[in-house]
Every structure is written in structure tokens, then in C-alpha cells.
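> To start, I am sharing the structure in question, which I have written as C-alpha cells.
The values are calculated or read from the model by the stated rules, or taken from the named source; none is laboratory data. What you see is a predicted model, and the numbers here were worked out from it, not measured in a lab. Positions of Cβ are generated from backbone atoms using ideal geometry, with glycine treated the same way; all protein chains shown enter the neighbour counts. Heads up: the accessible areas ignore ligands, DNA and RNA and are worked out on the full protein's heavy atoms, side chains in. Shrake-Rupley method; radii C 1.70, N 1.55, O 1.52, S 1.80 Å.
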Amino acid sequence: MSNDSTDRATPPQGREDEGLVRRLKAGDERAFEELVAAYRERVYRVAWRVVRDDEIAEDVAQEAFIRVFRHVGRFQERSSLYTWIYRITVNIALNRLRRDRFRHMVPMGELQWEDRRADADPSYAAMSSELAGRVDSAVRSLPDKQRAVFTLRFFEGLSHKEIAEVVGCSEGTSKANYFHAVRKLRKLLGDLR
Amino acid sequence: MRRECARVQEMLVEFASGGLDASERSMIEEHCAACAACAEERAALERLLEAVRDDGYRQPSPFHWTRFEAKLRRRLESGRRRGESRTWPALIPRLAPAAVALFCFAVGLWLGLRPVTGGVEQGAPPRAVAYGPVGVPSVISPESKLLVDSGRGAHPAYAADTLRPSALAPFGDPPGMVLAASQRLAIVGSGPGQRSLGR
């Protein structure tokens with residue numbers, strides 16, 4: 001079973017974040033440590049679900065925090081802090097996929113993710129079931145943007161309005177992407193019982 | 001499929017994902033209670049999404065986060081050092097050799113490309129003249145025969161077709177005058193200045 005239910009769909013909001021942003025803008029390094037502690041799991045999880053690779057996800061998450069640290073002065077607080085951080089993360093992850101695909105010229109679905117992961121973590125190979133493998137392949141086969149929208153909606157519990165902010169599209173586009181993602185998964189995994 | 005079923009099935013994806021407002025959810029509940037096809041579709045979607053929830057993601061261990069934060073600190077620190085080393089006072093020692101090299105390159109380029117006029121000055125008698133088809137100084141055209149004197153006797157004429165007529169346009173009306181030295185042609189025209197053209 002996936003064990004990611006700890007803080008799904010409960011992004012911190014409100015005053016707590018406002019105070020954090022104020023301190024970050026003032027250059028308070030302690031505030032940055034708090035931010036990393038509060039968001040590292042979510043940032044890594046979203047990155048992983050978009051790129052579906054441990055190493056790349058870690059790299060994306062690191063890059064996202066570095067950008068947050070460097071550009072927090074530009075954050076205008078028109079959106080909430082967590083949608084801004086998600087936005088940075090998703091952008092980096094999608095760019096990374098595009099870059100890697102261009103470099104390797106192979107579809108993302110064919111990158112050697114399963115073997116590397118199983119090699120690095122033998123317990124994963126033991127836990128991995130045929131079902132998880134099928135789900136993984138099906139999720140990988142979604143177009144990048146659909147996968148990002150699906151991740152944010154289904155796993156992170158964001159509303160379509162928030163997803164639209166994160167991905168930079170309209171609410172309608174987010175709904176359509178999510179609908180098509182689920183339909184495609186249904187087509188690929190329709191025989192699951 | 002009835003029209004209502006079509007509408008419900010469009011909404012089922014959001015329904016199964018926990019979306020929609022209370023009235024929409026209860027409408028779907030009621031519809032599915034009375035419609036076997038929609039109820040089956042709803043159950044299938046719910047099964048699917050339940051299965052997809054385990055998509056292979058594993059929560060990293062606490063050790064992973066310790067490593068992650070240490071790595072992040074290192075990256076930020078090295079970024080900061082790089083940032084500091086990009087300030088002007090820090091850059092001067094590094095940029096000095098590049099500046100010297102650039103200066104030498106610019107001087108070399110200027111020496112190499114400056115027009116070679118063989119000492120001809122504005123108003124001085126020309127030492128070479130382009131003769132047109134009628135044998136008098138005229139506008140240089142691809143048909144012009146060029147007699148060239150570089151100061152060390154008469155050169156063989158250069159092929160006129162190596163000169164692009166458009167390149168000669170700035171020099172205006174006749175006479176167009178051509179001087180040569182080495183591999184370069186220097187043209188002194190009736191226009192405001194001089195210009196060199198590669199062969």
C-alpha cells in the first residue's frame with residue numbers, strides 16, 4: 001500500500017504561511033528551514049508523481065526549494081504559498097521531463113525506472129506487485145500535463161481552481177485534463193477487480 | 001443511454017474523486033440507486049481509483065530527509081559562494097586576463113581589417129583607376145576591366161566579377177578608383193570615405 005496519507009489534501013494555509021513568507025522575505029534562514037520541513041514531503045511527492053523516478057524527483061525537489069529561497073522576494077502573495085511552491089515544483093518537473101526526453105529521445109514510459117528502483121531498494125522489489133506495476137505503467141502513459149493535473153487533483157486534493165493556478169491553465173482545462181486522465185486509466189485498467 | 005445517464009456519467013469522475021457539491025452528489029446518489037448501468041459505472045470508477053491510489057510511491061525514510069536537507073544546504077551555500085564571487089571586486093582578478101586578451105584581439109582585428117590605401121590620401125592623385133568598357137574612368141561594374149597599381153608596378157587586373165555591384169553602390173558616380181595591396185582591394189570613391197573589400 002502507498003503510505004502517503006499523512007498530509008495529503010491538508011496544505012497549511014493562512015496566517016502561519018503569511019508569517020513564514022514575511023520572515024523568508026526578511027532573509028530569515030530559520031524560516032527557510034521551517035519551510036523545507038513543512039513542505040519537503042509534499043514537494044518531493046508531487047515531483048515523484050510527475051517524473052516517477054526517485055533520483056530525478058529529489059533533484060526536482062531540491063531545485064524547487066532553491067528557487068523558492070531565491071525568488072521569495074518576487075512572491076506577491078496573490079496566491080497562497082503552497083500553490084506557488086507547487087507551481088514551481090510542477091514547472092521544474094515538466095521541464096525536466098521535456099529535457100530528458102529530448103536528450104534520450106525515448107518516451108518517458110520507457111525510461112528504466114523499475115529496474116533502477118528495484119536495484120536500489122530490494123524491499124521495493126519484494127513489495128511491488130503485478131497490480132502496482134500495471135498502475136505505474138498506466139499512470140506513466142498519461143501525457144505529462146494530464147499526469148500533473150491528475151496528481152494534484154487525486155493525490156494532493158487540490159481544487160481545479162488551485163490546479164489552474166499551479167499549472168497555468170483555465171479551470172475548465174484542468175477539469176478536462178483530469179477527466180481524460182481518469183478515462184484513460186479506466187481504459188487501461190478497466191479489468192481491475 | 002438516457003440523457004440523464006449521460007450527464008451523470010460525465011460527473012461520475014468528479015464524484016468518485018470526492019468532488020462536486022452536496023446537491024450534485026445527492027442527485028448522483030439518487031440516480032445510481034435507480035439506474036443499474038450508472039451504478040455499475042460508479043462502482044467501476046471507485047474500484048479503479050482505489051487501485052490507483054497505490055501507484056508505487058513510497059514515503060522516504062527519515063534518513064532520506066536528513067540527507068536531503070544536508071544536500072540542499074550545500075547547494076544553497078555553493079550557490080551563495082558563486083553569487084559572491086560574481087560581484088565586481090571579486091571578478092576583477094579573473095576578468096583581467098580576459099580583458100587583456102580581448103584588447104589584443106581587437107587591436108589585431110583592427111590592424112588586419114583596416115583599409116590599405118597605400119598612402120593615398122583624400123585629394124592625392126590616384127595610383128590606380130578602374131576603366132570601364134569605353135576605356136575611361138567610370139562606375140565599376142562586373143564588366144569593368146580593372147587596372148591596378150599597388151605602387152610596385154602594374155598588377156594583373158583582378159576579375160571584375162569578384163566585386164559585387166551592390167558593394168560599390170556607396171561610392172556613387174564615376175570615377176570609381178581601385179587600389180590594391182596584397183589580397184585586399186581598397187576603393188576610393190567620390191563618396192565620403194574609403195572602404196575595403198575582400199577579393
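> How many Å² of accessible surface get buried when B and A come together, counting both sides, probe radius 1.4 Å, rounded to the nearest 100?
4100 Å²
> Mind checking the mean number of beta-carbon atoms from other chains within 10 Å of the Cβ atoms in A:173-184?
2
> Separate question: Could you tell me whether segment B:1-112 comes out rounded, prolate or oblate from its Cα gyration tensor? Rule is a ≥ b ≥ c as square roots of the eigenvalues, rounded for a/c under 1.5, then prolate if a/b exceeds b/c, otherwise oblate.
On the way: a/c = 5.34, a/b = 2.82, b/c = 1.89.
Since a/c reaches 1.5 and a/b is larger than b/c, the shape of segment B:1-112 is classed as prolate.
> What net charge is computed for the residues neighbouring A:Cys169, neighbours being all others with C-beta under 15 Å from the C-beta of A:Cys169, Lys and Arg scored +1, Asp and Glu -1? Each step should come with its number before you reach the end.
On the way: positive: A:Arg87, A:Lys145, A:Arg147, A:Arg153, A:Lys161, A:Lys175; negative: A:Asp144, A:Glu162, A:Glu165, A:Glu171.
Summing Lys/Arg as +1 and Asp/Glu as -1 gives +2.
> Cα-Cα over 21 Å: which of A:Lys25/A:Lys145; A:Lys161/A:Lys187; A:Lys145/A:Lys184? Walk me through the numbers on the way to the answer.
Values: A:Lys25/A:Lys145 31 Å; A:Lys161/A:Lys187 27 Å; A:Lys145/A:Lys184 14 Å.
In this structure, A:Lys25/A:Lys145; A:Lys161/A:Lys187 lie more than 21 Å apart at Cα.
> Hey, another quick one. Can you give the mean number of other chain Cβ atoms that lie within 10 Å of the Cβ atoms in peptide B:67-78?
Other-chain Cβ atoms within 10 Å of each residue's Cβ, averaged: 4.
> From largest to smallest, what semi-axes in whole angstrom does segment B:1-43 give when each is the square root of 5 times an eigenvalue of its alpha carbon gyration tensor?
15, 10, 10
> Leaving ligands, DNA and RNA out of it, work out the accessible area of A:Glu58 with a 1.4 Å probe and give it in Å² to the nearest 10.
The accessible area comes out at roughly 20 Å².
> State the extension gain, in nm to one decimal, for the chain segment bounded by A:Glu16 and A:Glu34, taking 0.36 nm per residue of separation less the distance between their alpha-carbons. Mind dumping the intermediate values first?
Values: separation 18, 0.36 × 18 = 6.48 nm, distance 1.10 nm.
Gain on extension, A:Glu16 to A:Glu34, equals 5.4 nm.
> Length gain on complete extension for the stretch B:Ala36 to B:Ala6, per 0.36 nm per residue less the alpha carbon to alpha carbon distance?
9.5 nm
> Estimate the FRET efficiency between A:Glu130 and B:Ser61 by the formula 1/(1 + (r/R0)^6), using the beta-carbon distance for r and 35 Å for R0, to the nearest 0.05.
Approximately 0.85, to the nearest 0.05.
> May I ask you to derive the FRET efficiency for B:Leu95 and A:Asn95 from their Cβ-Cβ distance with R0 = 22 Å, giving the value to the nearest 0.05?
0.10
> Suppose R0 equals 41 Å; then what is the FRET efficiency for A:Phe102 and B:Ser26 from their Cβ-Cβ distance, rounded to the nearest 0.05?
0.25
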